[in-house]
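One structure is given below, encoded as structure tokens.
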Amino acid sequence: MVFESRRGIGKVSKSPRKSKGTSYRGNAARRNSFPGTFFKSLLIALAIGLFILLGAGIYGFNMIKGLPEVDKIAVNIPNETTKIYSADNVLLADLHKEENRVVVHLSDISQNLKTALVAMEDSRFYRHHGIDIRAIFRALSKDIIKRKAVEGASTLTQQLARNVFLTKEKTLSRKLGEIVLAFQIERKYTKEEIMEMYLNQVYWGHNAYGIESASQLYFGKHASNLSLAESAMLVGLLKGPEIYSPYKDMNAAKERQESVLGRLITLGYITEAQGAEGLNQPIVLAGLKKVQYRAPYFTSYVIDQLIRMLGENEVYSSGMKVYTTLDYQLQQYAENAVQRAIDRVGRTSSANFSEAALLSINPRTGYILGMVGGKDYLNSEFNRATQSYRQPGSAFKPFAYLSALDRGLSPGTVMDDSAVTYNTYDGAYVPQNYDKQYSGSMPLRRALELSKNVVAVKISDLIGANSIIDTAKNLGINSKLQNILSLPLGACEVSMMEMAYAYGVLANRGIKTKPISIFRIEDRNGIEIYRNRVETSHVFNENMVNVLVDMMKGVILNGTGRGAALPRPMAGKTGTTSDYKDAWFIGFVPQMVTSTWVGNDNNTPMNNVTGGGVPAKIWRDYMKNALQNIPVMDFPKPKDLIPVKICWDSGLKATEYCRTDRVSVEKFWKDKVPDDYCNVHFAKKNGNAKPGVNWLDEFFGENNNNEMSEPEPQEPTTNREDMDQPE
Ligand SMILES: [Zn+2]
């Protein structure tokens, strides 16, 4: 009797449907023998029993109440476009979720595609009531064995319910909700209507929703004209359009196509000959038209932040207006400067670099004014201004010099650029200048201008790498920095954003301002829902920073950064890493800090490209235009410094006996002014006239005031290196 009733239920499930889609029924599926029917009926009965239990669970969890009305499928829920603007009101991007959706009637869709879809996704589509009990049972038993979440076995109706109403998360309650909705959809709509809705909303990758958009996207044709080969490939993609897209991986797409054609053969919809023909037919892709943003690296950077703040759905469908900090005019100067360098130097000469980046920020507000993350966004979306971590080389040195100033060293303090060996845990360490030469003693000011590695390492040894790490962290470097002697040489990897952030503190008198890209956001009704506030903190002694900036002005005036010079006060630093893998220039005026970089993504060494070369030229090219309407302004004059004419060979006060080419006026902290006179140069004819080593003078603090009779200071020339030498 139980057996009878079960049969009864089984029969009900096979009752005729309002659908006329039975032509898809495969011949093989109709062949039933008695034992097969008996076994199937048993399975169905078991599955139904299970389903009733699940159904009870649904009511138990009060799920039904939470489920949406299936009537809403037919309603076209409007998605509003989110717009992103630059600070000067240029539209950078339109964002809308269903950017590419063209709704077509079922009759305008190739029969090849409809057949392939049913064969692959839901071969019993025209016979079930919204769920395929056998498939579920099969999947459930598999899942129990594999102890995995319920997956697979979804009918087209269930997929429609899920895509339209439910989130993608794999929970049991979602699965049950999907089943209930699928039943409701089946009650309300015909199989044709369900198929049409399904094909118009399903996601086919590359922001294409629905079959017509997908046909246009992949093959440049209407859905009505899809061949068997194309249809099989499209249906194959449904398993994971982002993975199997022929634009991403043609081999993977062909494998999916083959498996769909195989399924069609198995079900008897096509012959083996037809399948082979479809597989061999060449696939001609229409070519991907990427979504074009203006200032694409910056705009993508903004979109990433918006998604993190508000979630993807909100960003793409809520019709917000996002006002950014980008100055589109400056952005164009930046893009042109980078492009010119790539075109003129990177490609046409033996310089051998293929990528460049630029980032420009207002150090007072933190507003990102311009961002170029690479030479061609369509070719590579990787943002070298924000996502790339590379060695800054000598562009890191200012942090060491700032620490040194803070520890009481003066810009005029003389240190010896000479061979030195350090015994470290890793063995002997002998720092080298990039030109492998030593230039003898020189004031710190000059060592920074010429970017002497040996002096930077000696500073590190003198004050401790930890103090340099503290300074760098304070200024905004967040990347991991190693406590090693060679830290100032910039071997620890950092991002361009961090470097521009830290240099911004130097430009802004010790005040740190967080870089921002989104100024404010309005919702679709024009109500402000977000406004970025400028966050500042005073992180370093203002005068100390001004002293460093004063030294960094020299880098552009007489140092390795001369290629960046413009006729206004500016400061900066070059950076070149070992084997010419990276070349940087980071420089600033009080109102703008800009970083440039050139190199290769795969770290291929460039051919003698230094920070003072191409990066300084890109920087100058950009800044020349960008600063046109920004008033000329000098940095604050450093205080508490006393100018003293010193001899470089002794580091002491110069006398008339010192070599004029080894004498210059340097600045000292007022309590660190050298008291003594040069003890290297003295009158050879008069052995007594050996100033500076007069121990009695020193002891009693006496001064013989002959400073006025000394020769006029001159900029020393013997230490002038070839400025094109790497540093
Ligand atoms: Zn001297």
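From the list I527, I556, I586, which residue is without any contact (Cβ under 8 Å) to a residue 40 or more places away in the chain, within 22 Å of A400 (Cα to Cα) and out of contact with any Cys (no Cβ under 6 Å at 6 or more places or on another chain)?
Result of the check over I527, I556, I586: I556.
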Quiz item: Going by the conditions given, is N251 among the polar types (S, T, N, Q) and within 33 Å of the chain's Cα centre (by Cα)?
Solution: yes
Self-check item: Matching residues in the stretch 230-264 - criterion: being crowded, with 18+ Cβ neighbours inside 10 Å and either of a type in the set (A, V, I, L, M) or not assigned by TED's automatic domain parsing to the domain that holds L113 (or both)
Solution: A232, M233, L234, V235, L237, L238, A253, V260, L261, L264
Quiz item: Considering A356, A276, which residue is open to solvent by less than 60 Å² (accessible area, probe 1.4 Å) and within 23 Å of D582 (Cβ to Cβ)?
Solution: A356
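Any idea which of Y333, Y316, Y323, Y367 is touching a strand residue (DSSP E or B) at 6+ places or on another chain (Cβ under 6 Å), hydroxyl-bearing (S, T, Y), modelled with pLDDT of 95 or more and open to solvent by 30 Å² or more (accessible area, probe 1.4 Å)?
So the residue among Y333, Y316, Y323, Y367 that is touching a strand residue (DSSP E or B) at 6+ places or on another chain (Cβ under 6 Å), hydroxyl-bearing (S, T, Y), modelled with pLDDT of 95 or more and open to solvent by 30 Å² or more (accessible area, probe 1.4 Å) is Y323.
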Exercise. Please verify whether the stretch 629-642 includes one or more residues that are modelled with pLDDT of 95 or more and either within 16 Å of the ligand (Cβ to nearest atom) or not in a loop (DSSP other than H, G, I, E, B) (or both).
Key: yes
Quiz item: Is it fair to say S479 is in contact (Cβ under 8 Å) with a residue 40 or more places away in the chain, outside any helix (DSSP H, G or I), touching a strand residue (DSSP E or B) at 6+ places or on another chain (Cβ under 8 Å) and surrounded by 22 or more Cβ atoms within 10 Å (Cβ to Cβ)?
Solution: no
Quiz item: So R294 fits all but one of (1) outside any loop (DSSP other than H, G, I, E, B); (2) at pLDDT 90 or above; (3) open to solvent by 40 Å² or more (accessible area, probe 1.4 Å); what number is the exception?
Solution: (1)
Self-check item: Hits in the stretch 656-670 - residues which are in a strand (DSSP E or B) and over 48 Å from the mean Cα position of the chain (by Cα)
Solution: V663
Quiz item: Is there any pair linking a residue in the stretch 627-654 that is on the phi > 0 side of the Ramachandran plot and assigned by TED's automatic domain parsing to the domain that holds D675 to one that is open to solvent by less than 30 Å² (accessible area, probe 1.4 Å) and within 16 Å of the ligand (Cβ to nearest atom), with Cβ under 7 Å and at least six apart or on different chains, and which?
Solution: G651/S441; G651/P674
Exercise. Would you confirm whether any residue within the stretch 419-428 is within 36 Å of the chain's Cα centre (by Cα) and at pLDDT below 95?
Key: yes
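Does V680 satisfy being more than 24 Å from L405 (Cβ to Cβ), buried (at least 16 other Cβ atoms within 10 Å of the Cβ) and within 11 Å of the ligand (Cβ to nearest atom)?
yes
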Practice problem: Among the residues of the stretch 546-581, write down those that are farther than 18 Å from F353 by Cβ and among the acidic types (D, E). | Solution: D550
Self-check item: Among residues of the stretch 647-662, those that are near the ligand (Cβ under 8 Å from one of its atoms) and closer than 13 Å to P411 by Cα, counted
Solution: 1
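The values are calculated or read from the model by the stated rules, or taken from the named source; none is laboratory data. All figures in this text were calculated on a predicted structure; none of them were measured in a lab. Neighbour counts run over all protein chains shown; Cβ positions are idealised from the backbone, glycine included. Each accessible area value is taken on the protein alone, full model and side chains, heavy atoms only, with ligands, DNA and RNA left out. Shrake-Rupley method; radii C 1.70, N 1.55, O 1.52, S 1.80 Å.
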